[in-house]
Amino acid sequence: MQYLVRATVIAICLISIAVWIHTNRFSSLPIIEQVAHSRVGDQWYKIEQSGVHTGFMHSSVTLNKQDQWVFRTLTVFQPMGGLPTKITQNLTFSNSEQYELQTAHYSHTSKNRLTDIQLALDQGKYIGTLKRQDTSEALALDWRFNLTDQLALEAQIFAAKAQSGSVFTSTFIDFENLAIGENKRKLLARNSNGFTFGNFHEGSSSTTHLDTNMQVVSSTISNVFQVNRATKKQATLVNPSIEPLADWQLSQHSIPLDKRLEKHGNLNQLTLGLVSHGRTSLAELNLPLSLAHTKPDSFANLDKEKFTRNTASLPLANEKITRILQTLDKPISVAALVDTTNQQLRYINNRPAGSVLAALETGQGECTDFADLFTTLARSAGIPARTVYGIAYSSAGKPSFMFHAWNEVFAEGQWQGVDPTWNQVRLDATHIKLSDDLSAALLLASSTNEISFTVLDQSYF
């Protein structure tokens with residue numbers, strides 16, 4: 001499922017900006033330059049998912065001939081249920097008093113997806129291009145980002161001599177959302193072996209271990225993904241960009257249910273109990289005792305701007321999107337958007353298109369492609385919308401729950417759930433939204449057939 005790719009991208013980007021420091025060198029320089037000098041060199045990391053080697057990360061810091069700081073990161077991985085993915089990120093900072101970000105280059109490549117972002121500082125704005133497949137659009141971003149932001153965590157710790165429990169706030173470049181994101185890390189432990197930080201970002205948690213020189217040793221993401229320092233040879237023994245992992249990585253996982261749900265499309269409320277069938281308890285699997293359908297959150301003040309935003313994966317201004325919207329009666333209704341999205345694509349199980357433009361080109365995709373197309377159409381029409389991920393009921397064959405994607409859209413003064421894959425304007429309660437952490441834990445447990453669901457409570461419209 002593509003939601004795991006998304007969660008992993010966010011987590012790995014956060015890891016890639018965290019952390020080297022030496023306190024005994026360059027003591028006459030400003031703190032931020034001391035930190036930057038200590039970062040010079042390269043590091044290799046091995047990426048694993050539930051003990052399976054799935055890729056690698058390489059990061060480097062150099063001071064180029066123009067006396068600019070250059071940060072490079074290459075990440076190649078294939079998460080369970082996802083496609084082989086290659087991500088590169090290059091940032092160049094001036095070595096002046098402001099240490100401004102001068103240029104930025106980001107690319108995200110997988111099957112049927114090519115996203116490339118090139119930016120350069122020009123009179124206080126970052127001007128450049130965003131390329132998706134064979135399309136291109138101009139960018140002008142009012143970002144404020146410099147070397148001090150890039151190394152904020154290291155500099156804060158260097159200056160503060162922080163103790164356990166301290167919380168550090170920093171910013172990072174969120175290329176996928178074309179925005180500057182905020183990251184909070186909590187110092188969980190500090191001892192003779194180094195430091196342990198916890199990071200919590202919209203339902204996706206990570207724990208990072210650093211040695212006494214503040215160099216990353218390892219990180220655990222959602223209790224499923226592990227990133228460990230290694231040699232180049234150890235890290236690159238698996239390179240999915242050259243040779244994709246086994247087919248089982250792309251299989252569609254489902255979780256059995258103890259009984260068939262009658263008229264499930266009319267369910268207003270549903271609570272499921274989780275049952276472990278192995279020697280491993282639910283707690284050890286990082287799973288709760290029950291899951292339930294929940295209503296969307298209240299519409300927040302910042303939601304209108306955030307969820308009508310153009311992003312790297314949502315081509316709001318693309319001519320194909322514009323043409324589709326021109327066929328709809330005005331004002332555009334949510335029902336019309338759901339039906340139109342459903343009619344644009346043919347569902348193909350376990351064969352993600354990989355991007356909105358690729359889905360429109362082939363006329364097919366899986367649930368994430370339907371959901372992302374709906375989000376793109378709604379936002380392009382000025383209607384706040386977002387893609388959400390979780391599990392939903394499947395009545396095909398034996399009753400079960402499968403991993404699924406659908407949408408939340410702002411209508412009639414509140415967030416409402418819709419499912420364009422199944423052409424549902426009124427979302428039934430078998431749609432259970434999950435955090436990234438819980439999705440990862442459920443996916444792991446389902447891949448080893450360790451759990452099943454039982455119905456605890458249900459009610460109908």
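Read-outs throughout are calculated quantities, based only on the coordinates presented, and are distinct from any laboratory measurement. The shown structure was predicted, so the numbers you read here are calculated from the model rather than taken from an experiment. Every residue, glycine as well, gets a Cβ built from its backbone with ideal geometry; the counts of neighbours run over all protein chains shown.
Some observations on this one:
- Separation in nanometres of the label points that stand 7 Å from Cα toward Cβ, at residue 213 and residue 348: 5.0 nm
- Estimated vicinal HN-Hα couplings, Hz - the range 86-98 in sequence order (Karplus 6.51, -1.76, 1.60; Gly, Pro = x): 10, 10, 10, 9, 10, 10, 10, 10, 6, 9, 8, 5, 8
- Where Rh is the Kirkwood radius over Cα pairs, Rg/Rh for the range 2-235: 0.95
- Phi angles of the range 214-221 translate, via the Karplus equation with coefficients 6.51, -1.76, 1.60 and θ = phi - 60°, into HN-Hα couplings of 6, 9, 4, 9, 7, 8, 10, 10 Hz per residue; Gly and Pro are given as x.
- Calculated mean residue ellipticity at 222 nm for the chain: -6000 deg cm²/dmol, from DSSP H runs with n ≥ 4 weighted as -39500 (n - 2.57), summed, divided by the residue count and rounded to 500.
- Angle in degrees between helix 436-447 and the longest Cα principal axis of the chain, rounded to the nearest 10: 60 degrees
- Under 5 Å, built H, 5+ apart or other chain: amide partners of residue 257: 400, 401, 453
- Label point 7 Å beyond Cα of residue 309 along Cβ direction - residues of the range 363-405 with amide nitrogen under 11 Å: none
- Each residue, residue 234 and residue 246, gets one label point 7 Å from its Cα in the Cβ direction; the gap between the two is 2.4 nm.
- Relative contact order [Cα under 8 Å, 6+ residues apart], the chain, whole percent: 16 percent
- Separation of the range 88-144 and the range 200-227, taken as the distance between their Cα centroids, equals 26 angstrom.
- Cross-link pairs exceeding 24 Å in C-alpha to C-alpha distance, out of 398/433; 184/306; 263/306; 306/433, comprise 263/306.
- Annotation for residue 258 and residue 460: the two label points, set 7 Å from Cα along the Cα-Cβ direction, are 2.1 nm apart.
- Under 13 Å from the residue 294 label point (7 Å along Cα→beta-carbon), backbone N, the range 162-197: none
- Taken about its Cα centre, the chain carries a charge dipole of about 540 debye when Lys and Arg each add +1 at the Cβ and Asp and Glu each add -1 at the Cβ.
- Difference of contour (0.36 nm per residue) and Cα-Cα distance, residue 60 to residue 167: 35.9 nm
- Unit charges at the beta carbon, dipole of the chain: most positive-side option, 231, 98, 365: 231
- Placed amide H near residue 353: partners under 5 Å, 5+ positions off or other chain: 366, 369
- Annotation: amide H-H contacts under 5 Å for residue 239 (H modelled 1.01 Å from N, sequence separation of 5 or more, or interchain): none.
- Protection proxy ranking for 211-218, 122-129, 349-356, using the average of other Cβ atoms within 10 Å per residue and placing the highest first: 349-356, 211-218, 122-129.
- Rounded to the nearest 20, the Cβ-based charge dipole of the range 122-197 about its Cα centre (Lys and Arg +1, Asp and Glu -1) stands at 460 debye.
- Karplus-derived 3J(HN,Hα) values for the range 319-327, using 6.51 cos²θ - 1.76 cosθ + 1.60 with θ = phi - 60°, are 4, 5, 5, 4, 5, 4, 5, 5, 7 Hz; glycine and proline are entered as x.
- For the pair residue 111 and residue 335 in one chain, pulling the backbone fully straight at 0.36 nm per residue adds 77.5 nm over the alpha carbon distance.
- With bins 5 Å wide beginning at 0, the percent of Cα pairs of the range 394-461 falling in each bin runs 3, 12, 20, 23, 21, 13, 6, 2, 0.
- Which listed pairs, of 111/131; 131/295; 111/320; 86/232; 46/86, have C-alpha distances above 25 Å, in listed order: 131/295
- Over the range 249-391, Cα pairs under 8 Å with separation of 6+ residues give a relative contact order of 23 percent.
- Loop-resident trypsin sites (Lys or Arg not before Pro) (DSSP state other than H, G, I, E or B) in the range 43-79 with no more than 12 further Cβ atoms inside 10 Å of their Cβ: 65.
- Once the Cα-Cα distance is subtracted from the 0.36 nm per residue extended length, the residue 191 to residue 96 segment shows a gain of 30.7 nm.
- Within the chain, longest stretch free of exposed GluC sites (Glu not before Pro) [DSSP loop, at most 15 other beta carbons within 10 Å]: 285-411
- FRET efficiency, 1/(1 + (r/R0)^6) with R0 35 Å, evaluated for residue 88 and residue 412 via beta carbons: 0.20
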